[in-house]
Amino acid sequence: MSDTADTTDAGPSEPKAPARTLRLRDPWLLAVGGVVLLALVLRLWGIRYGLPVAYNLDERSHFVPRAVEFFKAGSINPHYQLNPSGLIEWIAIALAVVHRSSSGVVHTWQTDPGSIWFTARVASALLATASVGLLYLAGARFFGRGAGLLAAAILATAFLPVHYAHLALNDAPSLAPTALCLVGIAGVLKNGRRREYALAGLAVGIAVGLKYNAAFLLLPLGTVALIAATRGPLDEDAVPRGTGFAGRIPGWRGALIGLLVAGGAAIVGFFLLDPYALLDPHRFRVDLQHLSDYTKGGLLLGETQTSGHRYYLSSMVWGFGVVPLILTAVGGVVLLVRQRWHALVLIPAPVIFFLFVGSQGRYFARYVMPIYPVMAIVAGAGGLWLILWLSRRLKLQGKGATALAVAVGVLACAQGVVWAVHNDRVLSRTDTRSLTRNWMVANIPAGQQILVEPLVPKEWYRDGGLPGAVGTQAGYRWPRFVRNRADIRALTRQYRGARRNADFANYEYTLFPGLIDFYRRKGVCWVVSGSMQSGRAFNNPRRVPRAIAYYRAMEREATVAFAVSPFGGPKTGPTHYFQYDKAFDYAPLRFVRPGPYMKVYRLKNCTPR
């Protein structure tokens, strides 16, 4: 079937411009450069959030400490596969460039950890920013430069990709190879060259080497190969047949060879980023199963949403944007009606991914972020179609049509810019946990025992956020009270829930009013509480009624010596606010600074030990 016979594949596209040499003052180049620069600024502003303490649990647990361990151990074996090691390697490269030697990295980690965290975050932000430029190339290949520019602008300003680019996590960086894969897929759809298969396959391998769920890209890659086998490339005259690696072989044979090339390139890309997934397959299988079991687990305490699909749809309203969502829907309809080959490539994969992730037992907005680049491209197509349609209806040409295009772009990005700028301002201010510590340094003598809910990492207890050996409190300004086995046995006789491990996920299940007298007997007179714990209980009071009774008893039997709210003054905003995404990424505009609502209680009638 030739292009001339395929009238159903005519849709939103731009008139072909005559070939010309690239000029530095080319308006498209300037526009893309401006969008990428905006993306970079939004991702770097506030990137020192919390330092020298990394408050995000996933950030401090999975990547940076393991990158430092490469230099300590002299090996790139992470002994870990809950996440692929691609980001660990990327951070290690950045640390090696900045600190020049293994001893330099280790020494800086031990004396100035904030510098290590800063370097790791900047490295992640740069990779995340690259996704914007690459998405422009992908969108331009699919639907023209206008659609590519709009897609890039949407990804540059969408709240979730901006926020997570501030952290040394793999969510935002993995969008770069995802966008690069879409560049290759668009090339296969257009001309069927083997080098396009290779590019798409290599990018898939790299993307999966950064984050496992990027494997959904295999579906559009397989779909485009099927289209190439049955229909042929959309631009059949783009390249001669059989002209070496840059050429193409028509039909099923060419598609099969292309898929073999893509598969080989994917294996190479994945191996380069996560070699020990293949060299240590037992650990890979065990950790992957553990990860799968976690995502399939029941609702965590504090979660109020019971439908994953409904939650992910609502998260896109603030994480991706209302207007971008509308443009995605418009683009999807237009593609289904007028560009069915493009629709087959771009629509099924994100839909299936959404249905799969939404069927899991635990919901976090960033889990659906891998499909944002595909959605942005479809939104770009929808926006371009809308601009062309309105231009015809309003009889706009020249500057009028350009002004309309700018207006659509501004509308598409306005929500994201407002939320991202607000979030950057929030991240630039001192975290409530740091403010609490500052007050404690001035008011609680060093060496006095304290109890702190699972809200802060161990580095919080040490001046300067210095790391320490696992399992020791050496260097703590205040000894942290931890229940021993005898304590747990005694408390369990009063309340069976006390036998649980008092970690972040289970702490609220261990609470009951009798603990307050127990603290007094132990001479623990200072109790530090935060809404990231108490809010989980107050969201689901029927699940932990004893915890609710504990907090109410604490208000009666202790004095609030210090309080600070992320929403302003100590009496501003809800005391027990919690939501599994928004209490950590500070999406609501009422946030003034990062962190939970913090209280420092001084127990009445208590003598410190």
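Data table
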{"quantity": "Karplus 3J(HN,Hα) series, Hz, for the stretch 430-436 with 6.51 cos²θ - 1.76 cosθ + 1.60 (x for Gly, Pro)", "calculated": "5, 5, 4, 5, 6, 4, 4"}
{"quantity": "Label point at residue 602 placed 7 Å out along Cα→Cβ; residues across the stretch 533-571 whose backbone nitrogen lies under 11 Å", "calculated": "559-562"}
{"quantity": "Nearby lysines by direct alpha-carbon distance to residue 211 (threshold 19 angstrom, same-chain neighbours under 8 apart not counted)", "calculated": "296"}
{"quantity": "Difference of contour (0.36 nm per residue) and Cα-Cα distance, residue 407 to residue 230", "calculated": "59.7 nm"}
{"quantity": "Model label zone, residue 360; criterion: amide N under 17 Å from point 7 Å along Cα-to-beta-carbon; scope the stretch 74-116", "calculated": "81-85"}
{"quantity": "The chain - Cys residues lacking any other Cys C-beta under 4.7 Å", "calculated": "181, 413"}
{"quantity": "Label-to-label distance, nm, for residues given as residue 307 and residue 101 (7 Å Cα→Cβ offset)", "calculated": "6.1 nm"}
{"quantity": "Options [x] 0.96; [y] 1.06; [z] 1.50 - which one matches Cα Rg over 2.2 N^0.38 Å as calculated here", "calculated": "[y]"}
{"quantity": "Potential lengthening between residue 314 and residue 397 on full extension [0.36 nm per residue; Cα-Cα distance subtracted]", "calculated": "26.1 nm"}
{"quantity": "Calculated FRET value between residue 441 and residue 292, using beta carbons and R₀ = 30 Å, to 0.05", "calculated": "0.10"}
{"quantity": "Sum of -39500 (n - 2.57) over DSSP H runs of 4+, divided by residues of the chain (222 nm, nearest 500)", "calculated": "-18500 deg cm²/dmol"}
{"quantity": "Whole-Hz couplings from phi, Karplus 6.51/-1.76/1.60, listed for the stretch 509-521; x for Gly and Pro", "calculated": "6, 8, 8, 7, x, x, 4, 5, 5, 4, 4, 4, 4"}
{"quantity": "In sequence order, calculated HN-Hα J values of the stretch 554-562 (Karplus, 6.51, -1.76, 1.60; Hz; x Gly/Pro)", "calculated": "4, 5, 7, 9, 9, 9, 7, 7, 7"}
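We did not get these values from a lab; they are worked out from the coordinates using the rules stated. Computed from a predicted model, the values in this text were never measured in an experiment. For neighbour counting, all protein chains shown are included, and Cβ atoms are generated from backbone atoms with ideal geometry for every residue, glycine included.
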